[in-house]
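The values are calculated or read from the model by the stated rules, or taken from the named source; none is laboratory data. As the structure is a prediction and not an experimental result, all values here were calculated from the model. Because the Cβ atoms are built from the backbone with ideal geometry, glycine has one as well, and the counts that use them run over all protein chains shown. Note: accessible area is taken over every heavy atom of the protein model, side chains too, but ligands, DNA and RNA are not part of it. Shrake-Rupley method; radii C 1.70, N 1.55, O 1.52, S 1.80 Å.
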Amino acid sequence: MKDIEKYINKLIAKDELWRFYKTREWITLRDQILAENHNECTVCKQKGIIKRYDTDEKGNKHLIKTVHHVQFVRNHPELALSRYYYYKGEKKENLIVVCKSCHNQLHPEKRKNFRKNDDNFMNEERW
């Protein structure tokens, strides 16, 4: 995608950022990140827990499919397709695999209308 920042800003202006998560470029990159990390939640792993599955509302288990932007797309559209970003000269991961529960904790601003521990909450990144 040539000018990702311009494209993302247009989507944000139209309140259609969800469209980015349907692009071939994002889906391909997301699938690569998931495969490289064996669909294991990065946040859980940091706590010593290996979690590869989310559970849906019917109790069915599904491989984790969520890749989270550490540098939120709305704040840093230029990093939407970037695996890494630099902070104080240090290279850091920008795209991490997360389970539903951890993703919800990483986005407290989007949880206003949801119960505190509602793992069924979804936002535009859940594609």
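Just a few scattered comments:
- The modelled label-to-label distance between Lys45 and Lys14, using points 7 Å beyond Cα along the C-beta direction, is 3.5 nm.
- Nearest 10 degrees, 0 to 90: helix 24-36 Cα axis against the chain principal axis: 50
- Cysteines, the chain, no other Cys beta-carbon under 4.7 Å: Cys102
- Pairwise Cα inverse-distance average, inverted: Kirkwood Rh of the stretch 1-109 (Å): 14.9
- Fluctuation leader among Tyr87, Tyr53, Tyr21 - the chain, Gaussian network, Cα springs under 10 angstrom: Tyr87
- Enclosing the Cα atoms of the stretch 1-51 in their convex hull gives a volume equal to 103 cubic angstrom per residue.
- Unsatisfied cross-links (Cα-Cα over 30 Å) in the set Lys22/Lys92; Lys6/Lys58; Lys14/Lys100: Lys6/Lys58
- Portion, in percent, of the accessible area of the chain that falls on carbon or sulfur, probe 1.4 Å: 49
- Excluding exposed DSSP-loop GluC sites (Glu not before Pro) (at most 12 other C-beta within 10 Å), longest clean stretch of the chain: 58-127
- The stretch 23-67 shape via C-alpha gyration tensor axes, a/c threshold 1.5: oblate
- Amide H contacts of Ile64: Tyr53, Asp54, each under 5 Å away and 5 or more positions distant or on a separate chain (H built 1.01 Å from N in the peptide plane; Pro and chain starts excluded).
- Rough spin-label spacing in nm, given labels placed 7 Å along Cα→Cβ, for Tyr53 and Glu5: 4.4
- Summed over the residues of the chain and divided among them, the accessible surface reaches 64 Å² per residue at a probe radius of 1.4 Å.
- In this simple spin-label approximation, Thr28 and Lys92 carry label points 7 Å from Cα along the Cα→Cβ vector, and these lie 2.8 nm apart.
- Relative contact order, percent, the chain [alpha-carbon distance under 8 Å, six or more residues apart]: 27
- On Cα atoms only, tilt of 4-13 relative to the major axis of the chain in degrees: 70
- Radius of gyration, Dmax [the stretch 42-88; alpha carbons; angstrom]: 14.4, 45
- Highest mobility in the GNM of the chain, judged by mean-square fluctuation with C-alpha springs under 10 Å and restricted to Asn37, Asn94, Asn60, is found for Asn60.
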